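This report concerns only the one structure given below.
Derivation of every value follows stated rules applied to the coordinates shown; laboratory data play no part. Everything numeric here is computed off the predicted structure, so don't read it as measured data. Here the Cβ positions follow ideal geometry from the backbone for every residue, glycine too, while neighbour counts run over all protein chains shown.
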Amino acid sequence: MIGPDRASSRFVAHRIAPRRASLPGGDPVGAVPDGIDRPLPSWPFRCTNCGRRAADGPLPYCCPTCGGVFDLEPPIRFQPASAGPLDAGLARYRSMLPLPEEASLITLGEGGTPLVSATVDGRTLHFKCEHLNPTGSFKDRGSAVLLSALAAAGFLEAVEDSSGNAGASFAAYAARAGLRARVFVPENVSPRKRAQIAAYGAEVVEIPGPRSRAAETVREEASRGATCASHAWVPLGLAGIATLAFEIVEQLGQAPGAVVLPVGHGTLLLGIDRGFAAMREAGAIDRRPRLVAAQAAACAPLWAVHQAGGEALAWVREGPTRAEGIRILQPVRGDAVLAAIEASGGTVVAVDEPAIVEGEAELARLGFYLEPTSAVVWEALTATLPSLPDPVVAVLTGSGLKAEPAVEASRMGSQHA
Ligand SMILES: [Zn+2]
């Protein structure tokens, strides 16, 4: 039996409960020096493990009581009557985001991405072009909300861990908001993504070892008082990603029958699922789209548990893969992600390296130049398409312009294998 002080995730074995971040004067670390005149920021978070609400003050990346992961409380709501202009992108949904009313939206024009159709195996499929966001990935939707909240609360700096896309997005929106950003990346991060993070003015800290080590280091930084704005742990970004669901439905004119998407931590899948849930709640759609998650076979914890139960985690490894963006051994919200997939009637597909390379090529022939992480959707699509109800949407998550070409990557893989 799991007690109230123990986190119950099957996926995240070790948690570090943060000390309350404070300086000798009592000011929250990372908050503005004149914070005395500023009300303490409040966070619309509730612990998914023990049910406690987040306290006002420094940004908590996890529950300080039990180490559990926070979720948004209240959840995002879809309110079409209060939407902005159709062409405003994410800003169209500003009034629905979990931000203080007076907060400025830190925006680079994210969202409003095209939904492009193409014929595959005689079926018309719809590709949501999230790689066309300002920094080249869907992460910008979450970053807009996260950095808007941090800026409104008066934070001057924050840290994040990332395999590349989230770090680049975080760095861009931090620059836009005037925050100092420090981004922890694994040593085998794509050089192009590393360069992109640095170009926005963020400090890039390379952590030797696997991807999970960079994530651990950020949590250690948080325990020393840094503001840990992890896109995986802090739930604010989920609301930004929910707008992706709003757009898909508005562009299709109906709910999709199925959505196929890459899954690492699963913030994309959960955010979209939340968006569809909000639309069902509002009466805007009446069905729950089937969610098909694609993982790299080299590191596929969700696939393993979906196939064989929690015991299967024992043999999951963080193997080398071109799909570096979803190389996540311990998905922070793994239980919630699997619950969403199963409730939707969906499934998880594990994609091996040759199929990832093939997916890059096939999607490029349709005109989509994508990073390998995005290309996992191709195998997932072709494997499940006969059983998927129309209309089928695949989410294209990241641009190929910042990935390593296949030849260079195979050299990198052999160095780090
Ligand atoms: Zn808790």
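Between R213 and E358, the modelled labels are 3.4 nm apart [label points 7 Å from Cα along Cα→Cβ]. Extension gain for R192 to T65 (0.36 nm times residue separation, less C-alpha to C-alpha distance): 41.8 nm.
The order of the peptides 269-275, 118-124, 63-69, 49-55 by mean Cβ neighbours within 10 Å, most packed first, is 269-275, 63-69, 49-55, 118-124. Here the label points at L86 and D121, each 7 Å from Cα along the C-beta direction, are separated by 3.3 nm in the simple model. Amide H contacts for V292 (H built 1.01 Å from N in the peptide plane; partners 5 or more residues away or on another chain; cut-off under 5 Å): V259, V260, L261, T347. Taking the Cα centre of the chain as origin and assigning +1 to Lys and Arg Cβ atoms and -1 to Asp and Glu Cβ atoms, the resulting dipole is close to 460 debye. Computed about its Cα centre, the charge dipole of the stretch 274-332 is approximately 180 debye, with only Lys, Arg, Asp and Glu carrying charge at their Cβ.
Cut-off 14 Å, label point 7 angstrom out along Cα-to-Cβ of A284: give me the residues of the stretch 229-265 whose amide nitrogen falls inside. Hits in the stretch 229-265 for A284 at 14 Å: 239-256. Per residue, the average separation of C-alpha pairs within less than 8 Å and at least 6 apart gives the stretch 53-116 a relative contact order of 22 percent. A protection proxy built from the mean count of other Cβ atoms within 10 Å ranks the segments 150-156, 370-376, most packed first, as 370-376, 150-156. A Förster distance of 22 Å, applied to the separation of the beta-carbon atoms of L40 and A339, puts the FRET efficiency at 0.10. Rounded to the nearest 500, what is the chain's calculated 222 nm mean residue ellipticity when only DSSP H runs of at least 4 contribute -39500 (n - 2.57) each, over all residues? The helix contribution divided over the chain gives -10000 deg cm²/dmol. Each of T107, V69, I272 was placed along the dipole of the chain (beta-carbon charges, centred on the mean Cα), and the one lying farthest toward the positive end is V69. Looking at P98, A149, F138, which one has the Cα that reaches farthest to the positive end of the dipole of the stretch 92-174 (charges on Cβ: Lys, Arg +1; Asp, Glu -1)? The residue sitting farthest along the positive end of the dipole is F138. Annotation: lysines with alpha-carbon distance below 17 angstrom to K402 (same-chain offsets under eight excluded): K139, K193.
Pairs of Cα atoms under 8 Å, at least six residues apart: use those to get the relative contact order of the chain, whole percent. Across the chain, relative contact order equals 17 percent. Charges were assigned to the Cβ only: +1 to each Lys and Arg, -1 to each Asp and Glu. The resulting dipole of the stretch 34-116 about its Cα centre is roughly 300 debye.
For the stretch 76-113, the list of GluC sites (Glu not before Pro) that fall in a loop by DSSP and count at most 10 other C-beta atoms within 10 angstrom reads E101, E102.
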